[in-house]
Amino acid sequence: MKMFTKIALATAAAALATSAMAQPKPEAFVKERKAAFTLMAWYFGPLAAVAKGEKPFNKDDAVRATSMLVPLSKMPWEGFAPGTDKVGNTEAKAEVWSNNAKFKELGGKLETEMAKLATFANAGDAEAFKKQFGAVGGTCKSCHDDFKKKS
Amino acid sequence: MTKPSTELISAPVWDIFVRCFHWSLVLLFTAAVITGEIGGNAIAWHMRCGYAILTLVTFRLIWGFVGGEYARFGSFLSSPGKTIAFAKNMFGKGHDYVVGHNPPGGWMVLALLLTLATQATLGLFTNDEIATTGPLAQYVSEATSVRLTGIHHIIGKVLLALVGLHVAAVLFHLFVKKENLIRAMFSGNKSLPADLAREAQGARKASTTLGFAVFVLVIALVAVIVNWSVWFK
């Protein structure tokens with residue numbers, strides 16, 4: 001094959017691949033954000049017993065959980081793509097898109113508060129960790145109040 | 001009911017259980033609303049308030065059958081006709097004194113108690129989809145639990161409206177009808193026209209022993225419900 005043909009084929013293949021990957025289906029966005037929230041609940045929920053003092057603080061457990069939670073706290077937002085407000089069984093309110101600045105701000109707050117939780121876990125500071133757990137939960141709530149449909 | 005009189009005599013109306021119930025409920029309801037709004041770690045206190053409210057309201061519902069005369073539902077729930085007539089009259093010039101709750105007030109008491117009981121019971125089954133579940137949530141499906149949480153939020157708003165109406169009516173009596181119902185709920189005594197005062201003085205009194213017995217039983221009952229999953233797993 002001539003060099004020119006090779007380049008042309010490679011370009012065509014790349015173009016095809018890009019167009020196939022360009023935009024996931026709307027349903028996929030909803031899946032993405034739901035998956036992120038589901039996993040967040042999975043790793044966050046069990047820490048409630050620690051915050052309430054029903055279970056002793058265990059540094060290794062806290063570090064492990066928050067090492068998952070910090071990246072998870074950054075994941076849901078790209079799932080809220082425009083045009084995915086009425087897709088499937090989404091519980092997202094239209095305000096996510098109509099008041100996107102506030103939504104983004106609260107999302108950013110979750111990332112910040114979650115990072116702090118990880119800091120206290122890594123420092124093995126049980127008291128600060130328990131208190132910060134409440135701050136993270138409060139951040140979840142403040143966003144749910146405005147942007148998540150009531151069942 | 002009687003026409004206003006300048007000669008008012010103080011007479012005992014609200015028994016000690018009714019009064020303690022009322023003001024504890026005021027504090028706990030306020031705390032429950034605030035801690036529920038804050039969320040986060042305050043939710044632990046929201047739940048404790050809920051258990052205490054469930055205890056108080058259950059006690060009060062029983063007390064409505066076995067308490068002092070004016071604590072009893074039989075003494076303050078009137079027919080719809082009487083209730084409407086009284087409510088219409090209320091905005092007139094005079095003032096109809098009533099020993100216990102007046103007819104619309106009586107129905108409001110029942111509405112508040114039943115709504116609070118429903119609210120506190122629903123709370124046991126809730127799942128806030130963050131990190132908190134009520135102590136009985138595990139006995140229903142997650143979908144049910146989440147749906148009940150939605151109802152819990154709606155009833156919270158209904159309760160605020162009912163409480164607002166209740167307080168508005170009391171303030172209406174204080175400022176327009178010049179009858180201080182708030183002081184009466186503290187002291188237990190109402191200033192009444194002579195005939196009503198005599199009626200109140202002769203009315204059935206509450207049994208302190210029975211009151212405490214019922215209260216202890218209800219505490220035990222709520223403790224069992226709240227700790228069911230821990231004690232009986």
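For the reader, a short list of remarks on this structure follows.
- The range B:118-155, subset assigned to a helix (DSSP H, G or I) and more than 14 Å from chain A (Cβ to nearest Cβ), residue surrounded by the most Cβ atoms within 10 Å (Cβ to Cβ): B:G123
- Any chance B:T55 is within 14 Å of chain A (Cβ to nearest Cβ), β-branched (V, I, T) and under 25 Å from B:V218 (Cβ atoms): no
- Spans of helices (runs of 4 or more DSSP H) in the range B:186-233 with at least 1 residues in contact (Cβ under 8 Å) with a residue 60 or more places away in the chain and of a type in the set (D, E, K, R): B:194-202
- Sub-7 Å Cβ pairs linking a first residue in the range B:171-185 that is part of a loop (DSSP other than H, G, I, E, B) to a second residue that is crowded, with 17+ Cβ neighbours inside 10 Å, at least 6 apart or interchain, are B:K177/B:H95; B:E179/B:H95; B:E179/B:H173, ordered by first then second residue.
- Residues satisfying the stated conditions in the range A:1-25, i.e. modelled with pLDDT of 65 or more and either closer than 30 Å to A:G137 by Cβ or surrounded by fewer than 10 Cβ atoms within 10 Å (Cβ to Cβ) (or both): A:K2, A:M3, A:F4, A:T5, A:A22
- Residue match in the range A:33-43 (condition: surrounded by fewer than 16 Cβ atoms within 10 Å (Cβ to Cβ), at pLDDT 95 or above and either away from chain B (no Cβ under 14 Å) or in a loop (DSSP other than H, G, I, E, B) (or both)): yes
- Failed item, numbered, when A:G134 is tested on (1) without any contact (Cβ under 8 Å) to a residue 60 or more places away in the chain; (2) assigned to a helix (DSSP H, G or I); (3) within 12 Å of another protein chain (Cβ to nearest Cβ); (4) in contact with a helix residue (DSSP H, G or I) (Cβ under 7 Å, 6 or more places away or on another chain): (1)
- Just one of the listed residues (A:V30, A:V50, A:V70) is surrounded by 15 or more Cβ atoms within 10 Å (Cβ to Cβ), in contact (Cβ under 8 Å) with a residue 60 or more places away in the chain, more than 14 Å from every other protein chain (Cβ to nearest Cβ) and part of a helix (DSSP H, G or I), and it is A:V30.
- For A:A126, the conditions (1) under 30 Å from B:L148 (Cα atoms); (2) buried (at least 16 other Cβ atoms within 10 Å of the Cβ) are fulfilled apart from (1).
- Test: residue in the range A:115-124 that is free of Cβ contacts under 8 Å to residues at least 60 places away in the same chain, more than 14 Å from chain B (Cβ to nearest Cβ) and hydroxyl-bearing (S, T, Y): yes
- Selection within the range A:79-88 - within 21 Å of B:E129 (Cβ to Cβ) and touching a residue at least 12 places away in the same chain (Cβ under 8 Å): A:G79, A:F80, A:T84, A:D85, A:V87, A:G88
- Of all the listed residues (A:K141, A:K150), the sole one being closer than 16 Å to A:A41 by Cα, free of Cβ contacts under 8 Å to residues at least 12 places away in the same chain and within 13 Å of another protein chain (Cβ to nearest Cβ) is A:K141.
- Filtered by the rule that a residue be of a type in the set (D, E), away from every other protein chain (no Cβ under 14 Å) and not in a helix (DSSP H, G or I), the range A:73-101 gives a lone residue, A:D85.
- Residues that are surrounded by fewer than 19 Cβ atoms within 10 Å (Cβ to Cβ) and over 14 Å from the mean Cα position of the chain (by Cα) were ranked within the range B:52-77; the one that is nearest to B:G123 (Cα to Cα) is B:F65.
- The lone criterion from (1) under 20 Å from B:T208 (Cβ atoms); (2) within 14 Å of another protein chain (Cβ to nearest Cβ); (3) not hydrophobic (A, V, I, L, M, F, W, C) left unmet by B:G39 is number (1).
- Boolean, B:L181 is in contact with a strand residue (DSSP E or B) (Cβ under 9 Å, 6 or more places away or on another chain) and not small (G, A, S): yes
The values are calculated or read from the model by the stated rules, or taken from the named source; none is laboratory data. On a predicted model such as this, the values are computed, not experimentally measured, just so you know. Note that each Cβ is placed from the backbone with ideal geometry, even for glycine, and that neighbours are counted across all protein chains shown.
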